[in-house]
Amino acid sequence: VELPILSCPADGVPAIVDTAEARQATLDALAAGHGPVAVDVERAQSYRYSGKAYLLQLKRAGSGIHLIDPIAFESPNAEVAHFSALYETIRSAEWIVHAASQDLPNLVQLGLAPTKLFDTELAGRLLGLPKVSLGAMVEQYCGVRLLKEHAAADWSLRPIPHEWLVYAALDVELLGELRDHLHAELVAAGKQEWAAQ
């Protein structure tokens, strides 16, 4: 059976957050949202010596998807921007990340260290899934295909092309749904405490 291809988030692709006004609107929306926060980061290691984050994606129920350009908020004296207000807004929520070992260094560099984390890749490994890539897991649990053609793109380019923003938004679109499926299986297998640890 051919799975449908998810080509755009349910609420459309938001404008990139690269101004103080847009940042405040994002903080307000995330604060008004509820439940876990899906988080992802895009880098440009194949093109830059730095492994820093060039795009930060977040989604929370009731607040939509937010695509934040960390480069727009860098000060002249700092290598990376620091998002203390964002951290305060989402710190008490569970953060859903796929492959946390890859994204956590970037998040910490931005001043974003989760206090409660659900790693969908780790959950897949604990459940013994044969494929634990985000695309494979979304296909298995959510019944749609994600096109992953921009995974190795040069995310340091500005402006970021619209089709790349679509790709980035889709990376967090279904993380919450995927988390719920995996959590249920972890509970059924008696492995939810392992995942929490």
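Residues that are over 23 Å from Pro9 (Cα atoms) and either over 16 Å from the mean Cα position of the chain (by Cα) or aliphatic (A, V, I, L, M) (or both): does region 139-151 have at least one? Checked against the condition, which is being over 23 Å from Pro9 (Cα atoms) and either over 16 Å from the mean Cα position of the chain (by Cα) or aliphatic (A, V, I, L, M) (or both), region 139-151 yields no hits at all. So for region 52-67 (the condition being closer than 15 Å to Val172 by Cα, without any contact (Cβ under 8 Å) to a residue 24 or more places away in the chain and of a type outside the set (Ser, Thr, Tyr)), does at least one residue qualify? So far as region 52-67 goes, no, none of its residues is closer than 15 Å to Val172 by Cα, without any contact (Cβ under 8 Å) to a residue 24 or more places away in the chain and of a type outside the set (Ser, Thr, Tyr).
Which condition number in (1) out of contact with any Leu (no Cβ under 8 Å at 6 or more places or on another chain); (2) touching a residue at least 60 places away in the same chain (Cβ under 8 Å); (3) more than 17 Å from Ile68 (Cα to Cα); (4) buried (at least 16 other Cβ atoms within 10 Å of the Cβ) is the one that Val132 fails? The number of the failed condition is (2). Being modelled with pLDDT under 95, closer than 25 Å to Tyr87 by Cα, open to solvent by less than 70 Å² (accessible area, probe 1.4 Å) and not aromatic (Phe, Trp, Tyr), is that true of even one residue in region 145-156? Within region 145-156, one or more residues are modelled with pLDDT under 95, closer than 25 Å to Tyr87 by Cα, open to solvent by less than 70 Å² (accessible area, probe 1.4 Å) and not aromatic (Phe, Trp, Tyr). Remark: pairs (first residue in region 79-104, within 22 Å of Ser50 (Cβ to Cβ); second residue small (Gly, Ala, Ser) and not in a strand (DSSP E or B); Cβ separation under 6 Å; 6+ apart in sequence or on different chains) = His82/Gly111; Phe83/Gly111; Ser84/Gly111; Tyr87/Gly111.
On the basis of being crowded, with 18+ Cβ neighbours inside 10 Å, under 18 Å from the mean Cα position of the chain (by Cα) and at pLDDT below 95, does Pro70 make the cut?
no
Scanning region 11-37 for residues that are in contact with a Phe, Trp or Tyr (Cβ under 8 Å, 6 or more places away or on another chain) and part of a strand (DSSP E or B) yields a total of 2.
State whether one or more residues within region 132-144 are among the aromatic types (Phe, Trp, Tyr), more than 30 Å from Asp18 (Cα to Cα) and either at pLDDT 95 or above or assigned to a helix (DSSP H, G or I) (or both).
Applying the first criterion (among the aromatic types (Phe, Trp, Tyr)) to region 132-144 yields 141.
Those still in the list that are more than 30 Å from Asp18 (Cα to Cα) too: 141.
Pick out the ones that are also either at pLDDT 95 or above or assigned to a helix (DSSP H, G or I) (or both) and you get 141.
Yes, that holds for at least one residue.
Hey, any hits in region 84-99 for a residue that's more than 16 Å from the chain's Cα centre (by Cα), open to solvent by 70 Å² or more (accessible area, probe 1.4 Å) and more than 24 Å from Trp194 (Cα to Cα)? Looking for residues that are more than 16 Å from the chain's Cα centre (by Cα), open to solvent by 70 Å² or more (accessible area, probe 1.4 Å) and more than 24 Å from Trp194 (Cα to Cα), one finds at least one in region 84-99, hence yes.
The set of residues from region 48-96 being closer than 23 Å to His162 by Cα and part of a strand (DSSP E or B) comprises Leu55, Leu56, Gln57, Leu58, Lys59, Arg60, Gly64, Ile65, His66, Leu67, Ile68. Hey, any hits in region 177-188 for a residue that's at pLDDT 95 or above, under 18 Å from Cys8 (Cβ atoms), assigned to a loop (DSSP other than H, G, I, E, B) and in contact with a Cys (Cβ under 7 Å, 6 or more places away or on another chain)? Within region 177-188, not a single residue is at pLDDT 95 or above, under 18 Å from Cys8 (Cβ atoms), assigned to a loop (DSSP other than H, G, I, E, B) and in contact with a Cys (Cβ under 7 Å, 6 or more places away or on another chain). Residues that are more than 22 Å from Leu58 (Cβ to Cβ), touching a Lys or Arg at 6+ places or on another chain (Cβ under 6 Å) and either open to solvent by 20 Å² or more (accessible area, probe 1.4 Å) or among the polar types (S, T, N, Q) (or both) do not occur anywhere in region 172-191. Applying the set (1) of a type outside the set (A, V, I, L, M); (2) closer than 16 Å to Asp180 by Cβ; (3) touching a residue at least 40 places away in the same chain (Cβ under 8 Å); (4) in a helix (DSSP H, G or I) to Phe118 leaves exactly one unmet item: (4). Under the condition of being in contact with a helix residue (DSSP H, G or I) (Cβ under 6 Å, 6 or more places away or on another chain) and open to solvent by less than 50 Å² (accessible area, probe 1.4 Å), which residue from region 7-28 is nearest to Glu74 (Cα to Cα)? Looking at residues that are in contact with a helix residue (DSSP H, G or I) (Cβ under 6 Å, 6 or more places away or on another chain) and open to solvent by less than 50 Å² (accessible area, probe 1.4 Å), I get Val17.
The values are calculated or read from the model by the stated rules, or taken from the named source; none is laboratory data. Note that the structure is a prediction, hence the values are computed from the model and not measured. Every residue, glycine among them, receives a Cβ derived from its backbone with ideal geometry; neighbour counts consider all protein chains shown. The accessibility values were calculated without ligands, DNA or RNA, using every heavy atom of the protein model including side chains. Shrake-Rupley method; radii C 1.70, N 1.55, O 1.52, S 1.80 Å.
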